[in-house]
Amino acid sequence: MALPAPARLFQDQRFVVIDKPPGLPVHAGPSGGPSVEDVFAQFSGRKDGPWLAHRLDASTSGCLVIALRKAALIAAQALFASGSVRKTYWAVVEGAVNATDGTVSAPLRKITDRTGWRMVADPGSAQPAITDWRVLGNGGGLTWLELRPRTGRTHQIRVHCAMLGTPILGDERYGTGGGGLHLLARAIHLPLDPPVDATARPPPHMLAALTQCGFATRKVR
């Protein structure tokens, strides 16, 4: 049975931004299985493309940019590489942070052991990893964070939240796991002419925790 196409948050002749469901990988990888790439034909009938302009973890939901033309792909990749793309994430984390906003600056590197691989902080790494964050709400031992990564390292937000002492709810690799990862790629802006802008709503599995933190009553910019 064909995989249904995720909801489209933005589309023009250059790009489509989809609302990637949690649990769906962007590409199949060596183990195979369903992926976002399986529905590419539903976005474009051209012989070349589409292409992923960037990636999200399989467990992360929200805004994912897909290029429909090669020139658009090259332009988007240049913006991602230069850090010009504005990305906003929402996360529900365990516990409370001791400030209303701040910045985590901690370079990361990948390590592998008998349990698998993960990213860890490494001051000696040549690649910076910087995340700005602010508190949007809290309640019941949970905190709702807005996060704006300045860089795009693998698992950056997940590791930086854990370094704050507040791992993301449902993070099996850097926290306690269970219930799905409460991380949403909330919004994305590509400063092109014309610009690309998209915003995703929280997936169902995040709603109860977000509501506990005040989501239902707060207007968020």
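For n ≥ 4 DSSP H runs only, could you compute -39500 (n - 2.57) per run for the chain, divide by its residues and tell me the 222 nm figure to the nearest 500?
On the way: 3 runs with 30 residues, N = 221.
Mean residue ellipticity, 222 nm, calculated: -4000 deg cm²/dmol.
Based on Cα positions only, what radius of gyration and what Dmax would you give for the range 95-187, in angstroms?
13.2, 39
Would the range 1-98 count as rounded, prolate or oblate if I go by the C-alpha gyration tensor, calling it rounded below 1.5 in a/c and otherwise prolate when a/b exceeds b/c, oblate otherwise? Mind dumping the intermediate values first?
Working: a/c = 2.02, a/b = 1.28, b/c = 1.58.
Here the range 1-98 falls in the oblate category.
With θ taken as phi - 60° and the coefficients 6.51, -1.76 and 1.60, list the Karplus ³J(HN,Hα) couplings across the range 50-58 in order, rounded to whole Hz; mark glycine and proline as x.
x, 9, 6, 7, 6, 9, 10, 4, 4
Considering lysine pairs in the chain that are 8 or more places apart or on different chains, how many have Cα atoms under 28 Å apart?
9
Given labels modelled 7 Å from the Cα in the Cβ direction, how far is it in nm from Ala71 to Asp101?
So the label points at Ala71 and Asp101 sit 3.9 nm apart.
Heads up, I need the accessible area for His182: 1.4 angstrom probe, whole protein in place, Å², nearest 10.
Accessible area of His182: about 10 Å².
How far apart, in nm, are two points set 7 Å out from the Cα along the Cα-to-Cβ line at Lys110 and at Gln42?
Placing both labels 7 Å beyond Cα along the Cβ direction yields 3.0 nm.
Using the crude model of +1 on Lys and Arg Cβ and -1 on Asp and Glu Cβ, and no other charge, please compute the dipole size for the range 149-194 relative to its Cα centre, in debye to 20.
Numbers: 5 positive and 3 negative charges, 21 e Å.
In total the dipole reaches around 100 debye.
What are the DSSP H helices in the chain that stretch 15 Å or more along their long axis, judged by alpha-carbon atoms, and whose average Kyte-Doolittle hydropathy comes to at least 0.5?
Details: long enough: 70-82 (18 Å, 1.35).
Those that clear 15 Å and a mean of 0.5 are 70-82.
The values are calculated or read from the model by the stated rules, or taken from the named source; none is laboratory data. This is a predicted model, so every value here is computed, not measured. Every residue, glycine among them, receives a Cβ derived from its backbone with ideal geometry; neighbour counts consider all protein chains shown. When the accessible area is computed, the model is the full protein with side chains, heavy atoms only, and any ligands, DNA or RNA have been set aside. Shrake-Rupley method; radii C 1.70, N 1.55, O 1.52, S 1.80 Å.
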